[in-house]
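Participant: So that we are looking at the same thing, I have put the structure below in structure tokens.
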Amino acid sequence: MWNRLRSWLRATLQRPCVEREMDAELHFHIDAYTEDLVRTGLSREEATRRARIEFGGIEQTKEQCRDASGLNVVESFIQDSRFGLRMLAKNPGFTTVAVLTLTLGIGICTTVFTAFDALLLRPRAVKDPDDLAFVFRTTPEEPHGRFSYPDYIYYRDHNKSFSDLALFAFGMVVTSSELPATGNGAAPRVAGAIGFQLPQLLQGSAQPIGCFFVSGNYFPMLGTLPVQGRLLQPEDDQPSSVPVVLMSGNFWQRAFHSDPKIVGSVLHLDGVAFTVVGVTPVDYMGTAPDVPSLWAPVSASVHLGSLSSRELQSRHVIVGGPQGRLKPGVSFSDAQAELAVLAAQIRASNPEDKAKEGVAVVPGRNDFAMLEPMEWALITAAMAAVVLLLLIACANVASLMLARSAARRKEIALRLALGAGRWRLLRQLLTESILLAVLAGAIALPLSSWMLHLLVVQIASALPSFWGTIALKVSPDIRIFAFTLLVSCVAGVAFGLAPALQASKADVNSALKEEGSAFGLRMSRSRLRGFLIASQMAACLILLINSALLLRGSQRALEINLGYETRRIAYLEMYNPANLHYPQEKMLQMNRSLVQGIASIPGVESVAQASHGPIGGGRWIEIAPASSAPPTSGNGPSEPTGAGYSYVSANYFETMGISVLQGRVFTRAEAEAQEPVAIISEATAKRFWPGQDAIGKRLRIGSENQGMSFPGEKEPFVAGSEVIGIAGDVHSMDLSKVDESYVYLPLSQTRQWTSTLLVRTEVDPTLLLPMIGEEVRRVDPSLPVLGTPLNVMISTDPNFVISRVGGALASVVGVLGLLLACMGVYGLVSYSVAQRTREIGIRMALGARSIQVLRLVMIEGFRPILAGMVIGVVASAGIARLIATTLFGLNPMDAVSFSGVSLLLGAIALLATYLPARRAMRIEPMMALRHD
Amino acid sequence: MANDKQLELLQGTLDLLILKAVSLGPFHGYGILLRIQQISKDRLEIQQGSLYPALYRLEDRGLIASEWGESENNRKAKFYRLTASGKRKLQTETENWNRMADVIAGVLRTTPEEV
């Protein structure tokens, strides 16, 4: 190996020296042989002649020697590259288009691959990530459920498969009085442009800190080293232990400027004193998807009061997900089998559980095994789209190359005629394509790292800061660089080979005589390309029409009549108020102060209280006419059904602009006395008492035995509630349709406090939010409050998110596809013009006018486009109908979307046809006919 | 030098012959040619020009090494010698050749009765 490298280096670097030596060596041989011949008695002239003849061609031998010592490979590579670069520089238009096309394909491919890898494939940065396993509770509805604390303890103490089984609970949020209140920075640009916003905290109100709760054995299991102090250990996670907390390196740097004396200091979280025991490395995520500010033992959630010790011991309160490390030699299926037995034991000792609950043990190496089928479908679709984009890019560049090789037929034929080998010629053409690909790869790499950076920055800034810090490593690493290069080179060979093969097959004779452009020849070659272009156009049209439908639909969703006012309502929600540990009386007092304080702000019309807001705060409860028997089978009108519900203050209806159609609203006395009265939506009345007057009828709300619920939630139960009013229908539980049932219950302002306030304003509520924030701070500086105009809450609705994000993605891919399709059209028409130069010349010589020629060329180019567009429109109509059944606000027959997008696309494609076709018009008949 | 009884060289055997010749001591190209003819008693026909590409190829593979020196009649000439890996190569190739020759000879000796 070393030898070869040395001889190769010598051959490359000391070229003249090597040549001289070769010459000297061969001449020495001939001279020596001549001397020997002279010695046998021949004359000197005769000897020289004989020696030269017997030696053979000196130049030929030298060439063979150069080949043998690897001299020529280098030589011809340098030659090819230099020639290739010259050819590319000579056609700057072609080069730019081809390189840009490939850059797009490669850049997007790399971006998506990197994101996929960073999110799902990269092993977690912990000790031996391959042994980690995540345990989920499976029910028919939920494959990745979490466990209650007692169930976790049972698995932890009875299993033999894991060396450690820890518990991880997602960020509950705590507030600290020691930290300055920080507002959110500039609004995220991309998310803002898409129109997707998450409710942000009111500026001025207290800011929460993200905290993950883990069992004491979590850090010993993962095996990390702290940068300061120590990590959490099992002794910290006892109900009796002193409250301690571990700080993330990111939070330490951000909020404490890397204070070296942080360990041992006290941090007040929700008013409880916690001792900081250590600091993790920066960007340390453990098994979490992002970096929290703090890590605390599970027992700390009892100290903080976010869980009572009774709730922690309840089998009905979901706490977190177990994550374990398998013992050496234990496989995932062994662990699965063992845990299934334990699950059966738990079921046996708790007969009231649903029988179908099971467990699933999945690899915890990365998040790959935790994907839901829906996410799988999305990822597969995204990857397929991206690969398709790359393929289209390659096909288009191949098409461009083919068009160009038509123009280069003569050059190639000339080189073949002069004796160039076919392989040598292929190598030349391949070198050119690889050069293109490498150029494109060189641009695509920084492009994709920029796109990734943008993506992460945008996602990070769209998330409220207390969700955690995104620590995705998206700077291009060596693997991704290799991937880009590989993709570029494979693409280079892929798109270079076909035209190269075709070009090198060129029949020397006919090409030189320019007979290749005979009339019949063009059809068979362009048919495949025509088909390609038609399908590209169809795909683009489908994407773009549907993205237009989605975007217009989501725009309409913002304006849709939900049954209540959305644009002049500010939605306020206290963030985890239970964390403040205020007594009931203080909470009620705070509620009253907030309502009064905010109502006195100029521009505020009224302030209503509700236990659940109309958007995003929905809770289901069972309701049924009080007279009917408990649930039986059958589908009668008395069948119990789920309904949305909310305890509301009497001014709720007026504030929200919901009309009371019949009856009346609650009186103050009824509310304070918690009388069993209710106001129901019109649809509820029609459902239970069709054709009758519902006023005065009785309703059973809720059920005696409650199912699993979230901490701090308590469902109402009223055996017989009198209907006193009927309110207008609302879209609340599912914004795409009127709620089948909705029930309003009276809110007692002296007994129930609510975390939700709805503020009716005279102007755009965004303008009043800062003043509301100040008011919140004045009432209680440690109270974090989310505040946003109600119509922004629409943008958190999954339907809206899907419409917006789907529409945005489809339009990006569609526009890129359009760009590529246009390049394809351009290539096709250029090719056809180049091939038919002679034919066009004849036509013009026979009297065809240039406009006729233009029409001829353009019709041929436009035919596949038209076919593609027809297919695209028909397919779009079908797909749009499908989407419309699941998303709201979408009109599948929207004429503006269909005609607008089709016209735009047609015009762009027409331009792409016209530009090269123009060249046909400029053909000089005489030049074309003479054309050698 | 032409001789009616000369055999044409089998494909690929020139490399082996060069390695063998060089194993007897360092030679320049012409010397290698003479040595092969001498030990083969002029029974092999070697194209003089084909010798050099073979030498360059073997040197490229590191089986032989070259350096400039003085020839018998005091002219500068390029001398080739066997390298360590060339020595190993010669050994294995010689064994291969002998085995192959045995097998082929055996096959050719086969009479109809033995099949």
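Participant: Within segment A:38-62, how many residues are under 30 Å from A:Leu430 (Cβ atoms) and surrounded by 14 or more Cβ atoms within 10 Å (Cβ to Cβ)? Lay out the reasoning, then the answer.
Facilitator: Of segment A:38-62, the ones under 30 Å from A:Leu430 (Cβ atoms) are A:59-62.
Now narrow it down to the ones that are surrounded by 14 or more Cβ atoms within 10 Å (Cβ to Cβ): A:61-62.
Here the count works out to 2.
Participant: Scan A:Thr61, A:Thr95, A:Thr101 and give me the residue that is within 14 Å of chain B (Cβ to nearest Cβ), over 30 Å from A:Val359 (Cα atoms) and in contact with a helix residue (DSSP H, G or I) (Cβ under 9 Å, 6 or more places away or on another chain). Spell out the reasoning first.
Facilitator: Details: A:Thr95 fails: within 14 Å of chain B (Cβ to nearest Cβ); A:Thr101 fails: within 14 Å of chain B (Cβ to nearest Cβ).
Just a single option satisfies the conditions, and that option is A:Thr61.
Participant: On to the next question. Looking at B:Arg75, B:Arg61, B:Arg81, B:Arg57, which one is touching a residue at least 24 places away in the same chain (Cβ under 8 Å), under 25 Å from A:Ser69 (Cβ atoms) and at the interface with chain A (Cβ under 8 Å from one of its Cβ atoms)? Show your work before the answer.
Facilitator: On the way: B:Arg75 fails: touching a residue at least 24 places away in the same chain (Cβ under 8 Å); B:Arg61 fails: touching a residue at least 24 places away in the same chain (Cβ under 8 Å); B:Arg81 fails: at the interface with chain A (Cβ under 8 Å from one of its Cβ atoms).
Exactly one of B:Arg75, B:Arg61, B:Arg81, B:Arg57 is touching a residue at least 24 places away in the same chain (Cβ under 8 Å), under 25 Å from A:Ser69 (Cβ atoms) and at the interface with chain A (Cβ under 8 Å from one of its Cβ atoms), namely B:Arg57.
Here's the yes/no breakdown for (1) surrounded by fewer than 23 Cβ atoms within 10 Å (Cβ to Cβ); (2) more than 29 Å from the chain's Cα centre (by Cα):
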site	(1), (2)
A:Leu532	yes, no
A:Met537	no, no
A:Asn546	no, no
A:Leu550	no, no
A:Gly553	no, no
A:Ala557	no, no
A:Ala570	no, yes
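Participant: OK, next. Evaluate the following for A:Ala907: is it of a type in the set (A, V, I, L, M) and under 27 Å from A:Arg552 (Cα atoms)?
Facilitator: On the way: of a type in the set (A, V, I, L, M): yes; under 27 Å from A:Arg552 (Cα atoms): yes.
Yes, satisfied.
Participant: Can you tell me how many residues within segment B:82-105 are surrounded by 14 or more Cβ atoms within 10 Å (Cβ to Cβ) and over 16 Å from B:Leu17 (Cβ atoms)?
Facilitator: Number of matching residues: 1.
Participant: I'd like the residue in segment B:36-54 that is within 9 Å of chain A (Cβ to nearest Cβ) and part of a helix (DSSP H, G or I) and, out of all such residues, is farthest from A:Phe28 (Cα to Cα). Give the derivation first.
Facilitator: Here is the first cut: in segment B:36-54, the residues within 9 Å of chain A (Cβ to nearest Cβ) are B:47-54.
Filter again for part of a helix (DSSP H, G or I), leaving B:48-54.
Numbers: B:Gln48: 13, B:Gly49: 13, B:Ser50: 16, B:Leu51: 14, B:Tyr52: 12, B:Pro53: 16, B:Ala54: 17 Å.
That would be B:Ala54.
Participant: Here is a further query. Do you know which residues across segment B:8-35 are part of a helix (DSSP H, G or I), crowded, with 20+ Cβ neighbours inside 10 Å and in contact with a Lys or Arg (Cβ under 8 Å, 6 or more places away or on another chain)?
Facilitator: B:Leu19, B:Ala21, B:Val22, B:Gly29
Participant: From the list A:Ile840, A:Ile851, which residue is surrounded by fewer than 19 Cβ atoms within 10 Å (Cβ to Cβ), more than 33 Å from the chain's Cα centre (by Cα) and of a type outside the set (S, T, N, Q)? Break it down stepwise before answering.
Facilitator: Numbers: A:Ile840 fails: surrounded by fewer than 19 Cβ atoms within 10 Å (Cβ to Cβ).
Just one listed residue meets the conditions, A:Ile851.
Residue by residue, here is whether (1) assigned by TED's automatic domain parsing to the domain that holds A:Asp780; (2) touching a helix residue (DSSP H, G or I) at 6+ places or on another chain (Cβ under 9 Å); (3) surrounded by fewer than 21 Cβ atoms within 10 Å (Cβ to Cβ); (4) under 17 Å from A:Tyr152 (Cβ atoms) holds:
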| position | (1), (2), (3), (4) |
| --- | --- |
| A:Val227 | no, yes, yes, no |
| A:Asp270 | no, yes, no, no |
| A:Asp290 | no, yes, yes, no |
| A:Ala300 | no, yes, no, yes |
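Participant: Give segment A:104-140 a look and list any residue that's more than 17 Å from the chain's Cα centre (by Cα), of a type in the set (A, V, I, L, M, F, W, C) and over 20 Å from A:Leu454 (Cβ atoms), or say none.
Facilitator: A:Ala125, A:Val126, A:Leu132, A:Ala133, A:Phe134, A:Val135, A:Phe136
Participant: If you check B:Glu93 against the conditions, is it within 15 Å of the chain's Cα centre (by Cα), in a helix (DSSP H, G or I) and more than 10 Å from chain A (Cβ to nearest Cβ)?
Facilitator: Details: within 15 Å of the chain's Cα centre (by Cα): yes; in a helix (DSSP H, G or I): yes; more than 10 Å from chain A (Cβ to nearest Cβ): yes.
Criteria met by B:Glu93.
Participant: If you don't mind, another one. Please go through segment A:655-672 and give me each residue that is in a helix (DSSP H, G or I) and touching a residue at least 60 places away in the same chain (Cβ under 8 Å), ordered by number.
Facilitator: First, pick out the residues of segment A:655-672 that are in a helix (DSSP H, G or I): A:655-656, A:668-672.
Across segment A:655-672, the qualifying residues are A:Thr655, A:Met656, A:Glu670, A:Ala671, A:Glu672.
Participant: Say we look at segment A:16-51 and pick out the residues that are facing chain B (nearest Cβ under 8 Å) and among the acidic types (Asp, Glu); which of these is farthest from the chain's Cα centre (by Cα)?
Facilitator: Top of the filtered list is A:Glu35.
Participant: Where residues in segment B:14-35 are out of contact with any helix residue (DSSP H, G or I) (no Cβ under 8 Å at 6 or more places or on another chain) and more than 14 Å from chain A (Cβ to nearest Cβ), which of them is nearest to A:Glu25 (Cα to Cα)?
Facilitator: B:Pro26
Participant: Tell me which residues, restricted to segment A:345-361, are among the hydrophobic types (A, V, I, L, M, F, W, C), surrounded by 12 or more Cβ atoms within 10 Å (Cβ to Cβ) and over 35 Å from the mean Cα position of the chain (by Cα). Walk me through how you get there before you give the answer.
Facilitator: To start, the set of residues in segment A:345-361 that are among the hydrophobic types (A, V, I, L, M, F, W, C) comprises A:346, A:348, A:355, A:359-361.
Of the ones still in play, those that are also surrounded by 12 or more Cβ atoms within 10 Å (Cβ to Cβ) are A:346, A:359-361.
The one that is among the hydrophobic types (A, V, I, L, M, F, W, C), surrounded by 12 or more Cβ atoms within 10 Å (Cβ to Cβ) and over 35 Å from the mean Cα position of the chain (by Cα): A:Ile346.
Participant: Just to be sure, is A:Ala118 away from chain B (no Cβ under 14 Å) and part of a strand (DSSP E or B)? Step through it out loud before you land on a result.
Facilitator: On the way: away from chain B (no Cβ under 14 Å): yes; part of a strand (DSSP E or B): no.
No: the conditions fail for A:Ala118.
Participant: State all residues of segment A:679-736 that are basic (Lys, Arg) and modelled with pLDDT under 75; if no residue qualifies, say none. Quick ask: steps written out before the conclusion?
Facilitator: If we filter segment A:679-736 for residues that are basic (Lys, Arg), which is where we start, we get A:686-687, A:697-698, A:700, A:714.
Scanning segment A:679-736 gives a single hit, A:Lys714.
Participant: Name, by its number, the condition in (1) within 30 Å of A:Ala482 (Cα to Cα); (2) modelled with pLDDT under 80; (3) among the basic types (Lys, Arg) that does not hold for A:Arg66.
Facilitator: Unmet for A:Arg66, out of (1) within 30 Å of A:Ala482 (Cα to Cα); (2) modelled with pLDDT under 80; (3) among the basic types (Lys, Arg): (1).
Participant: For segment B:66-96, enumerate the residues that are among the aromatic types (Phe, Trp, Tyr) and closer than 21 Å to A:Glu35 by Cα.
Facilitator: Taking segment B:66-96 first, the residues among the aromatic types (Phe, Trp, Tyr) are B:68, B:79-80.
Once the filter is applied, which keeps residues that are among the aromatic types (Phe, Trp, Tyr) and closer than 21 Å to A:Glu35 by Cα, segment B:66-96 yields B:Trp68, B:Phe79.
The values are calculated or read from the model by the stated rules, or taken from the named source; none is laboratory data. Quantities reported herein were computed from a predicted structural model and do not represent experimental measurements. Cβ coordinates were reconstructed from backbone atoms using ideal geometry, including for glycine residues, and neighbour counts include every protein chain displayed.
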